[in-house]
Amino acid sequence: MLKIRKLASLLAAAALLSLGTLSQAVTLRVANVGDAVSMDPHSLNETLQLSFTASFYEGLTGRGKDMGIVPLLAKSWRRTTPNVWRFSLRPNVKFHDGTPFTADDVVFSFKRAAGEGSDLKAAISSIKEVRKIDDLTVELETSAPNPILPEALTTVYILSKKWCEENKAEKPVDRRKGIENLASFKANGTGPFRLRERQPGTRTVLSRNPNYWDKIESNVDEVVFTPIGNDATRVAALLSGEIDLMEPVPIQDVDKLKSGGFVVLQGPELRTIFLGMDQKRDELLFSNVKGKNPFKDKRVRQAFYQAIDIEAIRSRVMRNAALPTALMVGPGVRGFAPDMNKRLPYDTEAAKKLLAEAGYPQGFEVALNCPNDRYVNDGPICQAVAASLARIGVKINLQVESKATYFPKILRRDTSFYLLGWTPSTTDSHDALYNLMATPTAAGQGQFNLGSYSNPKLDDLTNRIQSELDEGKRNELIREAFKVHADDVGHIPLHQQALAWGMTKKVHVVQLADNRMFFKWVTVAPK
């Protein structure tokens, strides 16, 4: 009887210990204005998607808390010749299904990221060949010297070759064509969290990876991510305790949250918001002008630029939480030239005159594509642009929609006039020049130059910038390229937006200027 009582006491104690352990499990509840569109890390080159999938996928290199380059799946790298980089891979790393990580996965992933349907082509377009030296060594040969290659690889995540082949996910999910595969809903990476549940547009749940190769600087066991598109609803969820962390905080609610005992983490963002125009088609897809394309005329592009009341957008729409810009990159990006950051003057009469000289004295109609759940106040920005252009006789047919349908549309270039934001993943000006301003090619150059602006001189300068090793000479080339683009009015830069993350006082996060939120650095204090 004594033994039975002793055993019962031990079982009861074990049960209490188990309950105590369970009660200590930490859940982080996060809300964002939009959802990560796919779990496939090669399907969309968008900050939220790359940030979220970085919880379970990793690249050879990554970003540290100071935005510097840090080793992830590569423990070290060096240049063996001007065009060849050798990466030593981290040993004893396993994918979430237990499969060992090897050089075969690197070769496969780079081929996948460079292939049909990938949105990451531009990041690795300078790579001529990826070679396996042994199980833990790869060489990347570039077509020309590329001094910033390790920085370009921070968003090129590695997938398991075996898992992709077994699940028919050898090719990326193609958002332009609406093609899906298992990689859009499931994941098998090497990262600090595992994908446990995926309900697109509703809820995504991550769980801590107990076999992660590195120390996780977080006490979070579970992340519950919920997209909440409505600003007021998202704020109410934080105020009521339904969520712990949200991004972004609507500009008008910053003071409200602060006075209510919540933390609002603010800072400058590297992202530039701009307008692009179709400059390739002989006739715009969505305009009442037939038989020609008004945007091929610089005078029209300049008229649009000078008609936009940028100060009204800054003060009224963005409530002073934006920095108007004349360049496609902002402060904090290598190569930014502050003395060149001078916008053309806002001048409605000058804009009208330019339109008349171009043959449109009464203006014309054109559609403007805009997301309403991607950038800070993106919908209201487009409304303000439409109001400005109405003053010079241009009727804007505003097409505002969720990024889930917006991105596939504009990435197919089914647009005449569009709003987009861009954060250089390398934090280098070449990234914006190559992705946004250079002439589009099948190799990935100009992949996000969705209006197909083209100037051979800028293309030549962009190529020279990529391989120039002397920093002084490189910066001069960047300045020259920026001047070419500005003189052409290749795009209409608007502003750099500001970061604003809201959270309860028990949450501690690391905010990066590229607006990527890494859950591996989030801690939640006990209740």
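The values are calculated or read from the model by the stated rules, or taken from the named source; none is laboratory data. All values reported here derive from a predicted model rather than from experimental measurement. As a convention, Cβ positions derive from the backbone with ideal geometry for all residues, glycine included, and neighbour counts pool all protein chains shown. For accessibility, only protein heavy atoms count, side chains too; no ligands or nucleic acids. Shrake-Rupley method; radii C 1.70, N 1.55, O 1.52, S 1.80 Å.
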**Message:** Residues to consider are N377, N320, N293; find the one that is within 28 Å of the chain's Cα centre (by Cα), surrounded by 18 or more Cβ atoms within 10 Å (Cβ to Cβ) and not basic (K, R).
**Reply:** N377
**Message:** So, in the stretch 111-150, exactly how many residues are closer than 23 Å to P91 by Cβ and hydrophobic (A, V, I, L, M, F, W, C)?
**Reply:** 6
**Request:** Mind listing whichever residues of the stretch 43-99 are closer than 17 Å to I216 by Cβ, open to solvent by 50 Å² or more (accessible area, probe 1.4 Å), out of contact with any Lys or Arg (no Cβ under 8 Å at 6 or more places or on another chain) and not polar (S, T, N, Q)?
**Result:** K65, K94
**Asked** For P250, which of the numbered conditions (1) closer than 23 Å to T423 by Cα; (2) open to solvent by 30 Å² or more (accessible area, probe 1.4 Å); (3) not acidic (D, E) fails to hold?
**Response** (2)
**Request:** Filter the stretch 1-38 down to residues that are modelled with pLDDT of 95 or more and closer than 20 Å to D221 by Cβ and give me whichever is surrounded by the most Cβ atoms within 10 Å (Cβ to Cβ).
**Result:** V30
**Asked** Restricting the search to the stretch 194-219, which residues are open to solvent by less than 30 Å² (accessible area, probe 1.4 Å) and over 22 Å from D97 (Cβ atoms)?
**Response** S218
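Only one of L275, L323 is within 29 Å of R412 (Cβ to Cβ) and of a type in the set (A, V, I, L, M, F, W, C). Can you tell me which?
Among L275, L323, only L275 is within 29 Å of R412 (Cβ to Cβ) and of a type in the set (A, V, I, L, M, F, W, C).
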**Prompt:** For residues in the stretch 484-512 being within 30 Å of F417 (Cβ to Cβ) and open to solvent by 30 Å² or more (accessible area, probe 1.4 Å), which is modelled with the lowest pLDDT?
**Reply:** A498
**Asked** Can you pull out the residues in the stretch 453-465 that are within 26 Å of R413 (Cα to Cα) and open to solvent by 20 Å² or more (accessible area, probe 1.4 Å)?
**Response** S454, N455, P456, K457, D459, D460, N463
**Message:** So, I465, is that one part of a helix (DSSP H, G or I), closer than 16 Å to A337 by Cα, touching a residue at least 12 places away in the same chain (Cβ under 8 Å) and in contact with a Ser or Thr (Cβ under 6 Å, 6 or more places away or on another chain) or not?
**Reply:** no
**Message:** The conditions are (1) free of Cβ contacts under 8 Å to residues at least 60 places away in the same chain; (2) open to solvent by 10 Å² or more (accessible area, probe 1.4 Å), and A103 fails exactly one of them. Which is it?
**Reply:** (2)
**Prompt:** Restricting attention to the stretch 161-187, which residues are open to solvent by 50 Å² or more (accessible area, probe 1.4 Å), within 15 Å of T53 (Cβ to Cβ) and either outside any helix (DSSP H, G or I) or touching a Gly at 6+ places or on another chain (Cβ under 7 Å) (or both)?
**Reply:** F185, K186
**Asked** charged (D, E, K, R), over 22 Å from G261 (Cβ atoms), in a loop (DSSP other than H, G, I, E, B) and at pLDDT 95 or above: does that describe R479?
**Response** no
